């Protein structure tokens, strides 16, 4: 079951440059920077109430965030919904006709398990489902 909007992912060319806006103009504090080699991305999280803003910087020019930046430029990349069970939520979405990018959860930032729904089946919004817990075997 979905619980809340967990975070909004924003693709940027440089976390160090983008964080100036979030810290100085908005007054937010960078809580965590982490590299996710499997996704070829570096992330930075800013907490605002119960929701986080996640900056996504490509680690190289071949990863999915680098390709997104080449096509779209900087901006909103995805919306992530917190679920009590990402695997179950992905199955439910698939049964409802959604096209899945991940059929089973994969490791994400902060030790979460994550899976994405393709934007062609979610009205143009890349949708992430995330939860804490073990990745299914």
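Miscellaneous remarks
- Ordering of 68-77, 39-48 by packing is 39-48, 68-77, highest average first (other Cβ atoms within 10 Å, averaged per residue).
- Our estimate of slack between residue 30 and residue 79, defined as 0.36 nm per intervening residue step minus the Cα-Cα distance, is 15.8 nm.
- Kirkwood radius for the range 46-112, taken over all pairs of different Cα atoms as the inverse mean of 1/r, rounds to 14.2 Å.
- Shown here are the Rg and Dmax of the Cα trace of the chain, at 14.6, 44 Å.
- Euclidean distance between Cα centres, the range 1-38 to the range 54-94, Å: 13 Å
- Note on residue 95 and residue 67: with the Förster distance fixed at 25 Å, the Cβ-Cβ geometry gives a FRET efficiency of about 0.30.
- Nearest-0.05 FRET efficiency for residue 38 and residue 88, computed from C-beta distance (R0 25 Å): 0.65
- Beta bridges assigned by DSSP with both partners in the range 2-131 are antiparallel in approximately 75 percent of cases.
None of the figures in this text is laboratory data; all of them are computed from the coordinates on show. Just so it is clear, the structure is predicted and the values come from calculations on it, not from any experiment. Backbone-built Cβ (ideal geometry, glycine too); neighbour counts: all protein chains shown.
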